[in-house]
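The values are calculated or read from the model by the stated rules, or taken from the named source; none is laboratory data. Bear in mind the structure is a predicted one, so any value in this text is a computation, not a measurement. Backbone-built Cβ (ideal geometry, glycine too); neighbour counts: all protein chains shown. SASA here: full protein model, heavy atoms, side chains in, ligands and nucleic acids out. Shrake-Rupley method; radii C 1.70, N 1.55, O 1.52, S 1.80 Å.
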2 protein chains.
Amino acid sequence: MTDPTHNPADYPPFGVTVDLVVFSIIDKSLRILLIQRDEPPFRGKWALPGGFVHPDENLEQAARRELAEETSIGKEVGHLEQLGSYGEPGRDPRQPVVTVAYWGIAHDLPEPQGGGDARYAEHVPVTEVASGSIRLAFDHNEILTDAIERLHHKISYTPLAARFCANEFTISELRSAYDTIWQDTSQFTENQTVAQEPFEKPQLSLAAPQSVPPGKLDFPIHALKQPNLKLVDQPKELTYTKLDSGNFQRSVLQINGFLQPTGKKSSPSTSGGRPAELFTTGDLEELTPPIHPKTPKPKK
Amino acid sequence: MTDPTHNPADYPPFGVTVDLVVFSIIDKSLRILLIQRDEPPFRGKWALPGGFVHPDENLEQAARRELAEETSIGKEVGHLEQLGSYGEPGRDPRQPVVTVAYWGIAHDLPEPQGGGDARYAEHVPVTEVASGSIRLAFDHNEILTDAIERLHHKISYTPLAARFCANEFTISELRSAYDTIWQDTSQFTENQTVAQEPFEKPQLSLAAPQSVPPGKLDFPIHALKQPNLKLVDQPKELTYTKLDSGNFQRSVLQINGFLQPTGKKSSPSTSGGRPAELFTTGDLEELTPPIHPKTPKPKK
DNA sequence: AAAATAGTGTCTTTTAGACAATATGCG
DNA sequence: CGCATATTGTCTAAAAGACACTATTTT
């Protein structure tokens, strides 16, 4: 950095990658998009979709391109923003690599298709990762934890939770999104030790760590869970209690610019019930006051 | 990405740098640490301190090392966290470079010493940058804007504002920190067009853009302001009104774990007044409820 | 009618904010 | 004392939260 005649070779070369945490809610459970790696390192393990950045594209473009390549998911991602960068030496056994993590929200995602580095891609409930049933490659567990923390903050003071819903949605659907998120991530926030082991440098020259058959897989994700960890369907509802529908209704409606009425009404669900009004999101960017999860007893 | 025998040369090489936005409050004004570049590109221009990351250090270590090298400021930085990464193609005219920005808070900083890339370093009021009197190199104006936004959010829901104060501080000093920050950054939040021109790729092979004498400088920063921009001491107090001392006192004291009384009392200021109690920060990480700037009229 | 979901009303408790009053140091 | 700042008190308006009630659909 002290030579006016600059030579890039004088500078330490890094690989720069992007990785993505794409949240969605399917069947009332909060999920993230994971791929199963088809290449070493960490061959056969679950990982966040991602890959190397090209010199002629910016970071967000790279993130969208890699997502499309590995999971064939594109415009369905309704929100995408940067989470942070991870550059612990040795985090990639191949070479110095800094990864720029992104996180996003999507609604109504199709079944992802594997491609590129990925032999397989799937929407995995975050509770599977939180419980330790699934362990991710690289430092992706750490990235996921940070993404969930960011998700929590963002849905409280921005209208982003609406991105989990369709373009037109009811207030109940919005409330259900909040409930699902807070329910499914309570393990991350209440005790941060879940599936969070310190990052270890992987050994160099590792092939497939377990004997996973090559080629495309068609068995369910449960077959890939770590066998040494029990996968009890923990009823650890912990302490989160759902939002009150009446109070929620009033709260969001009194935030000016949050919800835009469409005049239309939803068709009631199969189980009956009064049809709800349909809304879209307005142009508001910051919710005042913010929406918080119910804390059952803020022990004086 | 499809070759099991990995060769780093196959992957696009990037330079990875760190840049730092270090806030402090000096003479009741919010300031950031800037250096004047002693090397091309942007020789002679103001920039955030920073530099290339080494392959054997992590990103935060690199940030602290570069800060110490260029400004001789080290442990005085009481808080340092990542802001985000910036990788627009062409943002560095020399080669593909991704920079990881950090922001921090420091109290009682010494006069910084130039070093390394920096011929000069100084604590510059953010209002000087907001008003356009000072234009930063690379995309550092954009980074600064993002840092201020993050600072705003963080001081509202964390105890971080206390890092602007000494280890033991009075509630008034804490309140003054909030007032100063919100006052001095109101131009950034209220109209985001201040000194925010779209990023332009700098021309290649540029030497010193203006005729700046080489070597160490000892003239005040005003001599380096852009001559084509008037540097009116704009009294644009805009709309921020200071916090009420009584209400602030009650608010912060009722947040359990925020302030830890020391039992000691401060000596009153030169202008007299009742001595105030001295506090340290507790172990609380999130302020509930958060502390917000006063919005004069939330026009119903 | 019964069940289910949407939406409103009401009451109580808590909080925010304006602003007055008191406390404690200094010259 | 008179000034300046710290700290407490008081009152009012707004918001949060618990929960009962009404509305509109399906079976």
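Considering only residues that are charged (D, E, K, R) and more than 13 Å from A:L33 (Cα to Cα), which ones fall in region A:107-138?
Our first condition is that a residue be charged (D, E, K, R); within region A:107-138, this holds for A:108, A:111, A:117, A:119, A:122, A:128, A:135.
Residues satisfying the conditions are A:D117, A:R119, A:R135.
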Query raised in the report: Given the structure, is B:E122 open to solvent by 10 Å² or more (accessible area, probe 1.4 Å), farther than 29 Å from A:G15 by Cβ and within 13 Å of the chain's Cα centre (by Cα)?
Result: yes
Query raised in the report: Only one of (1) near DNA strand C (Cβ under 9 Å from one of its atoms); (2) in contact (Cβ under 8 Å) with a residue 60 or more places away in the chain; (3) not in a loop (DSSP other than H, G, I, E, B) is not met by B:S251, so which one is it?
Result: (2)
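Residues checked against (1) more than 16 Å from DNA strand D (Cβ to nearest atom); (2) open to solvent by less than 70 Å² (accessible area, probe 1.4 Å); (3) at pLDDT below 50:
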| residue | (1), (2), (3) |
| --- | --- |
| A:K201 | yes, no, yes |
| A:K216 | yes, no, yes |
| A:H222 | yes, no, yes |
| A:N228 | yes, no, yes |
| A:Y240 | no, yes, no |
| A:S251 | no, yes, no |
| A:N256 | no, no, no |
| A:G263 | no, yes, no |
| A:P275 | no, yes, no |
**Report entry** Tally of residues being away from every other protein chain (no Cβ under 14 Å) and under 20 Å from B:A137 (Cα atoms) across region B:103-122
**Finding:** 6
Report task. Starting from region B:269-282, keep only residues that are among the basic types (K, R), then list their pairs with residues that are open to solvent by 60 Å² or more (accessible area, probe 1.4 Å) whose Cβ atoms are within a distance under 9 Å, requiring at least 6 positions of separation or different chains. Result -> B:R274/B:P268
Query raised in the report: Would it be correct to say that A:K28 is more than 7 Å from chain B (Cβ to nearest Cβ), within 21 Å of the chain's Cα centre (by Cα) and surrounded by fewer than 16 Cβ atoms within 10 Å (Cβ to Cβ)?
Result: yes
Query raised in the report: When you look at B:G87, is it at the interface with another protein chain (Cβ under 7 Å from one of its Cβ atoms) and within 21 Å of B:T145 (Cβ to Cβ), yes or no?
Result: yes
Report summary line: Those residues of region A:90-102 which are in contact with an Asp or Glu (Cβ under 8 Å, 6 or more places away or on another chain), more than 7 Å from every other protein chain (Cβ to nearest Cβ) and not in a loop (DSSP other than H, G, I, E, B) amount to A:T99, A:A101, A:Y102
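Which residue, of A:T145, A:T180, A:T189, is at pLDDT below 95, among the polar types (S, T, N, Q) and in a helix (DSSP H, G or I)? Don't jump to the end; show me each part of the working.
On the way: A:T145 fails: at pLDDT below 95; A:T180 fails: at pLDDT below 95.
The conditions single out A:T189.
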Report task. Only one of these is over 17 Å from B:K154 (Cβ atoms) and within 13 Å of the chain's Cα centre (by Cα): B:L67, B:L59, B:L83. Name it. Result -> B:L67
